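*Asks:* The structure under discussion is supplied below as structure tokens; questions concerning it will follow.
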There are 2 protein chains.
Amino acid sequence: MNFSFYMPTKVLVGSLTEFSDLIKGFGVKPCVVCGKSSAKLCGALADIKEIFGDIAVFNKIEPNPTITSVKDGAEFAKENNADFIIGVGGGSPLDAAKMIAVLAEEDISFDDLSNAKRLPLLLIPTTIGTGSEVTKYSILTDEKSHSKINIASDLLFPDIAVLDAKYCRGLPVSVARNTALDALSHVIEGMLSKKASPISDMFAAEAIRIISSKFSSLIEGKITDTDYENLLFASNLSGFVIAQTGTCAVHACGYALTSEKNIDHGRANALLLCDVIRRFPHENTDKIFKIMHLSYIEFSLIVNTIIGEKEQITKEEIENFTKKSMLAKNISNGIWAPTEDEVREIYANSLEVVS
Amino acid sequence: MNFSFYMPTKVLVGSLTEFSDLIKGFGVKPCVVCGKSSAKLCGALADIKEIFGDIAVFNKIEPNPTITSVKDGAEFAKENNADFIIGVGGGSPLDAAKMIAVLAEEDISFDDLSNAKRLPLLLIPTTIGTGSEVTKYSILTDEKSHSKINIASDLLFPDIAVLDAKYCRGLPVSVARNTALDALSHVIEGMLSKKASPISDMFAAEAIRIISSKFSSLIEGKITDTDYENLLFASNLSGFVIAQTGTCAVHACGYALTSEKNIDHGRANALLLCDVIRRFPHENTDKIFKIMHLSYIEFSLIVNTIIGEKEQITKEEIENFTKKSMLAKNISNGIWAPTEDEVREIYANSLEVVS
């Protein structure tokens, strides 16, 4: 055995308001980092306001947040004298909140956070797929190079993650499906990662059990409160996993679909998942299918049914995306990695090719 | 769902010397806290000396360490200008090292560590049962009141735990058996705790699977290197579990056997385990037996065979220990708790009663 495990974030599962005493210890004035409307619509913003009274709200985080947004958010937090950061939302606001907590403390380079500090940081996921609330990653978009940058540092593990499933109940079905399949992709990639360990596998297996037990709900689009509670927990486990293992070829190929074709991040991974994992050694993937009590054929039928009609992709796009994917660090993080030709095949098999 | 999970210790599994770069970041001069000889005999002391050159060694931690030993250790660390603490050994040196790291930083009351600081702390377990390397507990003996005090604080989570199984290979078979059964007791009590959560249950189930797969080795007393590696990992998982759940009636009744009859801590729990758990609701214990693929009858036969000849207990001792056990906080931490009469029965059934 040779591995490490580190996940210093305190995870609180239950109602946010019930944890108010603990959360109040963080500071006096939080800056809430969120998207345009979801934190308000789901009720989280009202609950945070009730706990603290005086709050600042930076609700300008777009999907796939840019470096500029993060810098603007840090400036906003400083102007409002915020003494800690609360991120609310899916992966985009949570990833942005992490770097805002750093930049609001000091204006430093993104490249080296080894001696950096940050404001206290509390994250509240409102989708069922990010896992960002327990990872050390912040994935931002560099608008200049039109590419994603993946910042990884122990400093970015939040202090606290609160899983309050009631904030997920109003998710559009499409978002629930995309984010649940994103979480599934995280844990499957985690089990197929070079860095998989007995601990990450334990978390991954549990998440796979939970998510696969909710496939029917995801297909039907009827997701109960209990489903949300379980899927939010599974999504959190998926964060534990990728905090240790990172992601592999699915995510590596997914990025271009998001940055170039604007396909939702979770959906991009879901589209690619089946064709990528069938290429891994079967002794490894068989373990995963065994946990789900499904064959590969059954699994891909289910995933493709949840996905529905697939996006189109041109041959030119395939060429362009393949070049980009081959440069992604995580493409070689799996126990198997695709060649350039195989990446072309993956895109062609996973979307609808048009000329 | 309503629970929390917090385990901020970084766990490194593999060879201590391979992690030397990381460990060197801790400071210049460690004070090694250990028992009289085991840290030397197992080779850990030589490896630490090789990494740091200049080390101070406080090798005066006795089984069931006293408050006086801990204070002496802190004084020794200060006199030697140690800038961090390395605990090496079973539960006793590790628990002592935690409080030495606190007292070497400042001389404060044991009752309130909420604003305390401590020296950086690295723990290296050399038995397969403590789990202390990832818990927030330090259990010390108050020699004045002749009782155990259980100090619990987030401050006591070590910074790093290193699991290097080669340090366990030379364990006497009796110690291997006692500590493995202690770890098993931790995870079974964890699953039967009021504070059990989906995460602690996941860790507990994995540890139960591992330990029960090594029952044959423990019965035969032939424990291979791979067995040690697996059992050390299971012991670590057991620490994750009790860090969240605490222990229950087994440990609550076990303390008196150790403090009053000098029965090894792990063995004390092993002696009591079977008779305590058969009293819990069967719907809960059935889950545990299912993980082991054993019936209660088979399980108790195995545990009793590993234990071997049982210690004697007098009726007077039973009375005395029962009173003590009923005062232990953790006696009511289970989803079931024994009455005073039931505690008497547990002692009588678990040891050999003599008049």
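Each reported figure results from applying straightforward, stated rules to the coordinates on display, with no laboratory input. Predicted, not measured: the structure shown is a model, and the values here were computed from it. Don't worry about glycine lacking a Cβ; one is built from the backbone with ideal geometry, like all the others, and counts go over all protein chains shown.
*Asks:* What do you get for the angle between helix A:91-103 and the principal long axis of chain A? Use alpha-carbon atoms, 0 to 90 degrees, nearest ten.
*Replies:* Tilt of helix A:91-103: around 50 degrees.
*Asks:* Taking the Cβ of each residue in B:VAL354, B:VAL33 as the centre, tally the other Cβ atoms inside 10 Å and list the residues starting with the fewest. Write down the numbers at each step before the final one.
*Replies:* Values: B:VAL354 9, B:VAL33 38.
Ascending Cβ contact count within 10 Å gives the list B:VAL354, B:VAL33.
*Asks:* State the Kirkwood hydrodynamic radius of region B:7-86 in Å, one decimal place, computed from all pairs of distinct Cα atoms. Don't skip to the end; give the middle numbers.
*Replies:* Working: mean 1/r = 0.0742 Å⁻¹.
Computed over region B:7-86, the radius equals 13.5 Å.
*Asks:* Given the pairs A:LYS136/B:LYS49; A:LYS24/A:LYS78; A:LYS117/B:LYS117; B:LYS144/B:LYS195; A:LYS10/B:LYS214; A:LYS36/A:LYS78, which are separated by over 27 angstrom at their Cα positions? Walk me through the intermediate numbers first.
*Replies:* Values: A:LYS136/B:LYS49 33 Å; A:LYS24/A:LYS78 19 Å; A:LYS117/B:LYS117 19 Å; B:LYS144/B:LYS195 32 Å; A:LYS10/B:LYS214 33 Å; A:LYS36/A:LYS78 20 Å.
As for pairs spanning more than 27 Å Cα to Cα, those are A:LYS136/B:LYS49; B:LYS144/B:LYS195; A:LYS10/B:LYS214.
*Asks:* Every other copy gets compared here: list the nm distances from the A:ILE219 label point (7 Å along Cα to Cβ) to its counterparts, shortest first, one decimal.
*Replies:* Here A:ILE219 shows inter-copy label distances of 4.5 nm.
*Asks:* While we're here: What is the packing order of peptides B:216-229, B:146-159, taking the mean over residues of other C-beta atoms within 10 Å and listing the highest first? Mind dumping the intermediate values first?
*Replies:* Working: B:216-229: 15.6, B:146-159: 17.4.
The packing order, highest mean first, is B:146-159, B:216-229.
*Asks:* For q = 0.21 Å⁻¹, what log10 I(q)/I(0) does region B:207-254 give under the Debye formula with an equal point scatterer on each alpha carbon and no solvent?
*Replies:* Results for region B:207-254 at q = 0.21 Å⁻¹ read -0.79.
*Asks:* Compute the Rg to Rh ratio over chain A from the alpha carbon atoms, using the Kirkwood formula for Rh, and round to two decimal places.
*Replies:* Details: Rg = 19.3 Å, Rh = 20.2 Å.
Value, to two decimals: 0.95.
*Asks:* How shielded is A:12-20 by partner chains, expressed as the average number of their Cβ atoms within 10 Å of its Cβ atoms? Numbers along the way, then the final one.
*Replies:* Details: counts 5, 8, 4, 1, 0, 0, 1, 2, 0.
Shielding by partners across A:12-20 averages 2.
*Asks:* By DSSP, what percent of the beta bridges with both residues in the protein assembly as shown are antiparallel, rounded to the nearest 5?
*Replies:* On the way: 21 of 65 bridges.
So the antiparallel bridges amount to about 30 percent of the total.
*Asks:* Shifting gears a bit: Treating only the Cβ of Lys, Arg, Asp and Glu as charged (+1, +1, -1, -1), what charge dipole size does the protein assembly as shown show about its Cα centre? Round to the nearest 20 debye. The partial results should precede the final answer.
*Replies:* Numbers: 70 positive and 92 negative charges, 67 e Å.
Computed charge dipole of the protein assembly as shown: roughly 320 debye.
*Asks:* Further question: Determine the equivalent ellipsoid of region B:46-90 by diagonalising the alpha-carbon gyration tensor, then write out the semi-axes as square roots of 5 times the eigenvalues, largest first, rounded to whole Å.
*Replies:* On the way: eigenvalues 78, 39, 9 Å².
Result for region B:46-90: semi-axes of 20, 14, 7 Å.
*Asks:* Relative to the other copies, what are the label-point distances for A:GLU50, with labels 7 Å from Cα along the C-beta vector, expressed in nm at one decimal and sorted shortest first?
*Replies:* 6.0
*Asks:* Would you calculate the volume per residue, in Å³, of the smallest convex hull containing every Cα atom of region A:173-247?
*Replies:* Numbers: hull volume 5.0 nm³, N = 75.
Once divided by residue count, the hull of region A:173-247 is 67 Å³.
*Asks:* Can you list the equivalent-ellipsoid semi-axes of region A:173-354, largest first and in whole Å, using the square root of 5 times each Cα gyration tensor eigenvalue? Provide the component values of the computation, followed by the final result.
*Replies:* Details: eigenvalues 114, 74, 40 Å².
Square roots of five times the eigenvalues give 24, 19, 14 Å.
*Asks:* Ok, one more. In degrees between 0 and 90, to the nearest 10, how far off the longest principal axis of chain A does helix A:282-292 point, with axes built from Cα atoms?
*Replies:* The helix A:282-292 is inclined about 60 degrees to chain A.
*Asks:* Which of B:SER213, B:PHE299, B:PHE240 sits farthest toward the positive end of the charge dipole of region B:173-354, with +1 on the Cβ of Lys and Arg and -1 on the Cβ of Asp and Glu?
*Replies:* Projecting each Cα onto the dipole axis, the largest value belongs to B:PHE240.
*Asks:* Here is a follow-up. What is chain B's relative contact order, in percent, from Cα pairs under 8 angstrom and six or more apart in sequence? Mind showing how you got there, number by number?
*Replies:* Numbers: 693 pairs, mean separation 55.2, N = 355.
Computed value for chain B: 16 percent relative contact order.
*Asks:* While we're looking at this one, here's another question. What is region B:173-354's relative contact order, in percent, from Cα pairs under 8 angstrom and six or more apart in sequence? The partial results should precede the final answer.
*Replies:* Working: 257 pairs, mean separation 54.3, N = 182.
About 30 percent, as a whole number.
*Asks:* Which chain B residue comes nearest the axis with its C-beta when you rotate B onto A, and by how many angstrom?
*Replies:* Of all Cβ atoms in B, the one closest to the rotation axis yields B:PRO8, 2.
*Asks:* How shielded is B:193-201 by partner chains, expressed as the average number of their Cβ atoms within 10 Å of its Cβ atoms? Intermediate values should be presented prior to the final figure.
*Replies:* Working: counts 0, 0, 0, 0, 3, 7, 9, 0, 1.
Partner Cβ neighbours, averaged per residue: 2.
*Asks:* What's the magnitude of the charge dipole for region A:10-168 around its Cα centre, counting Lys and Arg as +1 and Asp and Glu as -1 at the beta-carbon? Answer in Debye, nearest 20.
*Replies:* Working: 16 positive and 22 negative charges, 59 e Å.
Dipole size: approximately 280 debye.
*Asks:* Would you tell me the mean number of C-beta atoms belonging to other protein chains that fall within 10 Å of each C-beta in B:155-164, as a whole number?
*Replies:* Numbers: counts 0, 0, 1, 0, 1, 2, 1, 1, 4, 1.
Average per residue, whole number: 1.
*Asks:* Could you list the square roots of 5 times each eigenvalue of the Cα gyration tensor of region A:10-168, that is, the equivalent ellipsoid semi-axes, sorted largest first and rounded to whole Å?
*Replies:* Values: eigenvalues 101, 53, 44 Å².
Over the Cα atoms of region A:10-168, the semi-axes work out to 23, 16, 15 Å.
*Asks:* Still on this structure, I have one more. Among DSSP beta bridges whose residues both lie in chain A, state the antiparallel percentage, nearest 5.
*Replies:* Numbers: 7 of 29 bridges.
In chain A, approximately 25 percent of DSSP beta bridges are antiparallel ones.
*Asks:* Still on this model: Once both axes come from the Cα atoms, what is the angle between helix B:265-277 and the longest principal axis of chain B, in degrees from 0 to 90, rounded to 10?
*Replies:* Once rounded, the angle reads 30 degrees.
*Asks:* I've got another one for you. Could you give log10 I(q)/I(0) at q = 0.14, 0.23 Å⁻¹ for region A:79-124, computed by the Debye formula over C-alpha point scatterers of equal weight, without solvent?
*Replies:* -0.32, -0.80
*Asks:* If you don't mind, another one. In Å and on Cα atoms, what radius of gyration and Dmax does region B:89-185 show?
*Replies:* 14.1, 42
*Asks:* A further question on this structure: Percent relative contact order of region A:1-107, based on C-alpha pairs within less than 8 angstrom and at least six residues apart? Write down the numbers at each step before the final one.
*Replies:* On the way: 143 pairs, mean separation 33.0, N = 107.
In percent, rounded to a whole number, it is 31.
*Asks:* If you don't mind, another one. For region A:173-321, what is the charge dipole size about the Cα centre, in debye to the nearest 20, if Lys and Arg each add +1 at the Cβ and Asp and Glu each add -1 at the Cβ? Please list the in-between numbers first.
*Replies:* Details: 14 positive and 19 negative charges, 60 e Å.
Dipole magnitude for region A:173-321 comes out near 280 debye.
*Asks:* Dipole of the protein assembly as shown (Lys/Arg Cβ +1, Asp/Glu Cβ -1, origin at the Cα centre): which of B:PRO281, A:LEU45, A:GLN312 lies farthest to the positive side?
*Replies:* Checked the options; the winner is B:PRO281.
*Asks:* Nearest 5 percent is fine: what portion of the DSSP beta bridges confined to region B:10-168 is antiparallel?
*Replies:* Values: 6 of 25 bridges.
Antiparallel bridges make up about 25 percent of those DSSP assigns within region B:10-168.
*Asks:* Whole number please: convex hull volume per residue, Cα atoms of region B:97-144, in Å³.
*Replies:* Details: hull volume 4.8 nm³, N = 48.
Dividing the Cα hull volume of region B:97-144 by its residue count gives 100 Å³.
*Asks:* Sticking with this one: Can you pull the Rg over Rh of the protein assembly as shown, Cα-only, Kirkwood?
*Replies:* Numbers: Rg = 26.5 Å, Rh = 26.8 Å.
Across the protein assembly as shown, the Cα-based Rg/Rh ratio is 0.99.
*Asks:* Please report, for A:GLY25, the nm distances (one decimal) from its label point, 7 Å out from Cα along the beta-carbon direction, to the equivalent points in the remaining copies, shortest first.
*Replies:* For A:GLY25, the other copies' label points sit at 2.5 nm, shortest first.
*Asks:* Arrange the following residues from fewest to most other Cβ atoms within 10 Å of their Cβ: B:MET326, A:MET202. Spell out each step's value before the answer.
*Replies:* Working: B:MET326 16, A:MET202 21.
Ascending Cβ contact count within 10 Å gives the list B:MET326, A:MET202.
*Asks:* In what sequence do B:THR314, A:THR66 fall when counting other Cβ within 10 Å, fewest first? Don't jump to the answer; show the numbers that get you there.
*Replies:* Details: B:THR314 12, A:THR66 16.
Exposure proxy ranking, most exposed first: B:THR314, A:THR66.
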